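In what follows, a single structure is set out as structure tokens and then discussed.
The values are calculated or read from the model by the stated rules, or taken from the named source; none is laboratory data. Predicted model only: the values in this text are computed from it and were never measured. FYI the Cβ positions are ideal-geometry reconstructions off the backbone, even for glycines, and counts take in every protein chain you see.
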Amino acid sequence: MATRERNESQIQTDITIYGATSFVARHVLNYIADLSPSLPRKFKVTLAGRNESKVKDVLATFEPIMKVKGSIVALDVVVATNTDTAALTTMASRSRVILNCAGPFALYSSGVVQACAETGCDYVDITGEGLFVFAGMLC
């Protein structure tokens with residue numbers, strides 16, 4: 001996998017949370033809502049996942065929470081399945097960093113990792129799956 005230089009003009013969001021409908025992603029969003037009033041600038045978070053209606057439900061849940069907490073976070077939605085290479089590449093191209101919360105990682109994450117590597121997007125995940133981590137070390 002060749003990593004290419006980042007095109008900063010394409011970046012539209014600070015962090016994309018892939019698997020935004022997950023239990024852990026909701027905790028991350030609550031943390032961001034609590035932290036964001038102290039941020040020095042407006043912060044953009046993209047909620048991403050495989051199912052548009054479920055991701056939009058998370059958006060509908062967290063937009064009011066962000067407002068109540070005085071958040072300066074702007075939220076938007078991207079739909080990308082783990083097998084849609086074009087959508088994953090677009091998602092990674094427009095993101096400064098992707099936080100992957102979509103498990104099981106051995107099934108759903110290789111495309112996300114590849115898109116990040118190809119676009120130069122930073123990547124972090126919450127996996128505890130030893131085989132997934134070991135497979136990544138072999139690349």
Task: Test result for residue 6, outside any strand (DSSP E or B), of a type outside the set (Asp, Glu) and in contact with a Gly (Cβ under 7 Å, 6 or more places away or on another chain) - done: yes
Open item on the list: Would you confirm, using the coordinates I've provided, whether residue 60 is at pLDDT 85 or above and surrounded by fewer than 14 Cβ atoms within 10 Å (Cβ to Cβ)?
Closed with: yes
Open item on the list: Quick check on my filter: what residues within the range 79-112 are surrounded by 23 or more Cβ atoms within 10 Å (Cβ to Cβ), among the aliphatic types (A, V, I, L, M) and outside any loop (DSSP other than H, G, I, E, B)?
Closed with: 88, 91, 92, 98, 112
Open item on the list: Which count do you get for residues in the range 50-78 that are part of a helix (DSSP H, G or I), polar (S, T, N, Q) and out of contact with any Leu (no Cβ under 9 Å at 6 or more places or on another chain)?
Closed with: 1
TODO: Return the residue satisfying two criteria in turn: it lies in the range 9-25 and is small (Gly, Ala, Ser) and assigned to a loop (DSSP other than H, G, I, E, B), and of such residues it is surrounded by the fewest Cβ atoms within 10 Å (Cβ to Cβ).
DONE: 22
Task: Residue selected from the range 44-54 under the condition touching a Ser or Thr at 6+ places or on another chain (Cβ under 6 Å) and not hydroxyl-bearing (Ser, Thr, Tyr), by the criterion nearest to residue 81 (Cα to Cα) - done: 50
Task: Residue selected from the range 115-136 under the condition modelled with pLDDT of 90 or more and buried (at least 17 other Cβ atoms within 10 Å of the Cβ), by the criterion farthest from residue 16 (Cα to Cα) - done: 118
Open item on the list: Being modelled with pLDDT of 90 or more, more than 14 Å from the chain's Cα centre (by Cα) and farther than 19 Å from residue 8 by Cα is the requirement here; does residue 53 meet it?
Closed with: yes
Open item on the list: Please determine whether any residue of the range 26-49 is surrounded by 18 or more Cβ atoms within 10 Å (Cβ to Cβ), in a loop (DSSP other than H, G, I, E, B), more than 11 Å from the chain's Cα centre (by Cα) and at pLDDT below 95.
Closed with: no
